[in-house]
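Below you'll find the structure, written out as structure tokens, and then a few comments.
The values are calculated or read from the model by the stated rules, or taken from the named source; none is laboratory data. Since this is a predicted model, take the numbers as computed values, not measurements. Don't worry about glycine lacking a Cβ; one is built from the backbone with ideal geometry, like all the others, and counts go over all protein chains shown.
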Amino acid sequence: MRTKIVLLFLLGWAGMFFGQENFNVKYRIYDKLGEYSLKKEVIKKYDSLSREQQKKIRDQYKIGDKLLVEDKIIINKNEVTTTREIIIDENFYKTLSYSETEEVKLCSVKYGNVKVEKNKLLVNLLLDGCKDHPVYFYELKNRKSPHLSFTSVTVSAITIPLKYRFKGNNGLGDEFSTEINGNLFVGYTYGKTTFFYQEEMETKINTWKITGGLLFGASSVKLDKSNSFIKPNQDLNIIEYVDATKGLASIAFGLTYSYNNINIGAFLGFDYAIGQYADLWKYNKKPWLGVGVGYKLFNF
């Protein structure tokens, strides 16, 4: 039995393949994420600034001073830079805008999508009714690893090359079967993504997730003396077995764990033979266990 289990593991490692799509991915967004605060950039016109901020600008750009201003224009589909001189007056201040960062206060946990851009983890919240949201961000810190949890609906194309069928009544023995099969796995996913930021280097993103769901599949089985009952015959003296290939419809409950491109899955299911003499297959409607480990080489 121990040898069979080892064989099951090795073949599962070699032959469980995933083609996976995630839908409706939603990260949980908090205004406070450990030592990180959710922030936003606010653009203010000169007239809305405080007196102190206005004075700071006036001290830097004084009325009567001359400035060289660069303008970029398109001429015959080519970008051309031109320079002009202006004299600072009151109208000049009205054209200025001021950018500052503010912390965001959320009344509750929100959901959204995220993206890394330089030293920021950008957050685009899902629309809440008719309310629109600006793009928020967490400012990443060197050699720190903030993490966000998420949920999604996962649809995977999976093949399970090896199944273990359990022992049953009336001397039904256990069986390891290898077969070509195609399966669709639909489930609900919970996971967590870690963003490891290093200044002047690429941010490393690691994700683990657990998915539970249902598997639907199709395959075939060759009926013979070893895996089927005696074929019904009016002449009781004649012992005859079915020699035919039958289609199988599969349904299973599955649980998979993924870390980046490494996938581990376990499935408990049932196969239903289709067609004439389907009930003669000894393992018809009997439970099986499929286990596998795979490495996803491609993203689908």
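Descriptive notes on the structure:
- The residue that is surrounded by the fewest Cβ atoms within 10 Å (Cβ to Cβ), among those in region 87-105 that are modelled with pLDDT of 90 or more and hydrophobic (A, V, I, L, M, F, W, C), is ILE87.
- Of note, TYR164 does not satisfy the criterion of being at pLDDT 90 or above, exposed (fewer than 14 other Cβ atoms within 10 Å of the Cβ), in a strand (DSSP E or B) and hydroxyl-bearing (Ser, Thr, Tyr).
- One residue stands out among those in region 186-206 that are under 12 Å from the mean Cα position of the chain (by Cα), crowded, with 16+ Cβ neighbours inside 10 Å and of a type in the set (Ser, Thr, Tyr): the one that is farthest from LYS246 (Cα to Cα), which is THR193.
- Meets criteria (among the basic types (Lys, Arg), part of a loop (DSSP other than H, G, I, E, B), surrounded by 13 or more Cβ atoms within 10 Å (Cβ to Cβ) and modelled with pLDDT of 90 or more) for LYS209: no
- Filter result (of a type outside the set (D, E, K, R) and surrounded by 15 or more Cβ atoms within 10 Å (Cβ to Cβ)) within region 167-185: SER177, ASN181, ASN183, PHE185
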